[in-house]
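Q: Can you read through this structure? Questions will come right after.
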Amino acid sequence: MAYNDREISNQDGKPIALYEFRYGNSTWRYCTSDKDEQVGTNLTDGLPLIWKAQAISDEGVVQGGSDQNDLQILMQSDLPVPKLFRNAHPSGKVWLTVRRWHMGDPGTETPIQWVGTIVNAVLVDEATVQMACRSLGGTYDRQGLRLAWGRMCPHVLYGIGCNNNGSNDKEDHAYPRTVETMDGVSFTCTTHEEPAEGSFTGGFVEWLRGDGSYDRRGIEQQNGNHFLLLGSTDGLEIGSEVVVYPGCTRNTASCKLFSNLPNYGGFPHLPGKSPFDGSPVF
């Protein structure tokens, strides 16, 4: 029986929700069946996709109205996806794809119902977490960022604009370190070397995750070989190999330390008097 025939049927439909979570190179697949289901094949290696049976549910996909871009999901708090939000928000986006499949249909009959990212996770009780999700279409509702006149540089450090023509490539300012001691919010490294670019304060630290992707934390403050992080040290261990990158105070002095002054996005000589304050000087 075709998918549409089951959908419009009064009694032949056996719907199963399929949830696919992706973070970095890690993928987790769950279903609302009472047993694990084998649905579809992996396009990379051709192996069948296994969807684990879990106590997972959602409030339903809304087709219109102000809440059409949002989705609330309830799942067990001890699963890998909720654990990503336990101590601090993950540095990258956690993507979610929700599919609908009818038991007995071929694995190709799995139309996508919803696609988006997880924006927050809140404990409902000791065993359950509620995850707030935002659809891909909902991201278009936000106003885009605009470059404005200002003395400080508006570019993202090592990002587009700052890294124009590769003159400020991130890898040119990488400092490898090894974690020596750590607590929940900070760590110390084995060597102490001040960067030529000034300081690591305002920069970030990266390390390789077990799945081959990178995790990142911002550096709130650096004092010698001690680094206070924005968030937590979740994912780090004593002996972990990390790479720290210097921060930038977004002024011309810091830009010169990076040898990147031609890409400075601010206007340091902007006059302090507004031409719209009624003064006849202008």
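No lab work stands behind these numbers, since they all come straight from the coordinates. The structure displayed is predicted, hence computed values, not measured ones. Note that each Cβ is placed from the backbone with ideal geometry, even for glycine, and that neighbours are counted across all protein chains shown.
Q: Taking every eigenvalue of the Cα gyration tensor of segment 3-139, multiplying by 5 and rooting it, what semi-axes result, largest first, whole Å? Numbers along the way, then the final one.
A: Numbers: eigenvalues 120, 66, 45 Å².
Rounded to whole Å, the semi-axes are 25, 18, 15.
Q: Residue farthest toward the positive end of the dipole of segment 164-263, with Cβ of Lys/Arg at +1 and Asp/Glu at -1: which of 212, 236, 259?
A: 259
Q: So who's got an amide H within less than 5 Å of the one on residue 128, skipping anything under 5 residues away but keeping other chains? H placed 1.01 Å off N, in plane.
A: It is 77, by chain and number.
Q: Tabulate in residue order the Karplus-calculated ³J(HN,Hα) for segment 197-207, using 6.51 cos²θ - 1.76 cosθ + 1.60 with θ = phi - 60°, rounded to whole Hz; enter x for Gly and Pro.
A: 7, x, 7, 7, 4, x, x, 7, 10, 10, 8
Q: If neighbour count is taken as other Cβ atoms inside 10 Å, put 234, 277 in order from fewest to most.
A: Details: 234 16, 277 8.
So the ranking, lowest neighbour count to highest, is 277, 234.
Q: With a 10 Å cut-off between alpha carbons and a GNM built on the chain, which of 99, 151, 209 moves the most?
A: 151
Q: Each label point is 7 Å from the Cα along the Cα-to-Cβ direction; what then is the distance between the points at residue 136 and residue 241, in nm?
A: For residue 136 paired with residue 241, the spin-label model returns 3.5 nm.
Q: In addition: Applying the Karplus parametrisation 6.51 cos²θ - 1.76 cosθ + 1.60 with θ = phi - 60° to the phi angles of segment 92-108, what ³J(HN,Hα) value in whole Hz is obtained for each residue in order, glycine and proline being reported as x?
A: x, 7, 9, 8, 10, 10, 10, 10, 10, 9, 9, 4, x, 7, x, x, 7
Q: While we're here: Sum up the charges of everything whose Cβ sits under 13 Å from the Cβ of residue 99, counting Lys and Arg as +1 and Asp and Glu as -1, but leave residue 99 out. Let's see the in-between values first.
A: Working: positive: 29, 100; negative: 20, 37, 58, 105, 109.
Spelling it out: positives minus negatives among the neighbours equals -3.
Q: In debye, nearest 20: dipole of segment 65-107 around its Cα centre with unit charges on the Cβ of K, R (+) and D, E (-)? Before the final figure, lay out the partial values.
A: Working: 5 positive and 4 negative charges, 37 e Å.
Its charge dipole is roughly 180 debye.
Q: What area, in nm² and to one decimal, does the C-alpha convex hull of segment 164-263 cast on average over all directions? List each step's numbers first, then the result.
A: Working: hull surface 25.8 nm².
Seen from a random direction, the Cα hull of segment 164-263 projects 6.5 nm² on average.
Q: Taking only the alpha carbons of the chain, what extent do you get along each of the three principal axes, in Å, biggest first?
A: For the chain, the Cα spread along each principal axis is 77, 58, 39 Å.
Q: If amide H atoms are built 1.01 Å from N in the plane of the peptide, which residues on other chains or at least 5 residues away come under 5 Å of the amide H of residue 267?
A: Excluding prolines and chain starts, which carry no amide H, the hits are 150, 151, 152.
Q: Given Cβ point charges of +1 (Lys, Arg) and -1 (Asp, Glu) and nothing else, what value in debye, to the nearest 20, does the dipole of the chain about its Cα centre take? Mind dumping the intermediate values first?
A: Working: 23 positive and 34 negative charges, 190 e Å.
Charge dipole of the chain: 920 debye, to the nearest 20.
Q: Further question on the same structure: For segment 50-60, take each phi angle, set θ = phi - 60°, evaluate the Karplus expression 6.51 cos²θ - 1.76 cosθ + 1.60, and give the result in whole Hz per residue in order, putting x for glycine and proline.
A: So the Karplus estimates, Gly and Pro as x, are 9, 10, 6, 6, 9, 7, 9, 7, 9, 7, x Hz.
Q: Rank the residues 114, 51, 207 as a footprinting-exposure proxy: fewest other Cβ atoms within 10 Å of their Cβ go first.
A: Going from sparsest to densest Cβ surroundings: 207, 114, 51.
Q: Taking amide H positions as placed 1.01 Å from N in the peptide plane, with prolines and chain starts having none, which residues 5 or more places from residue 230, or on another chain, fall under 5 Å of its amide H?
A: For residue 230, the qualifying residues are 218, 219, 220.
Q: For a quick check: sort 189, 248 by the number of other beta carbons within 10 angstrom, fewest at the front. Intermediate values should be presented prior to the final figure.
A: Numbers: 189 22, 248 26.
Lowest to highest Cβ neighbour count: 189, 248.
Q: Another one. Put a dot 7 Å past each Cα toward the Cβ at residue 164 and residue 55; how far apart are the dots in nm?
A: Calculated label separation equals 5.7 nm.
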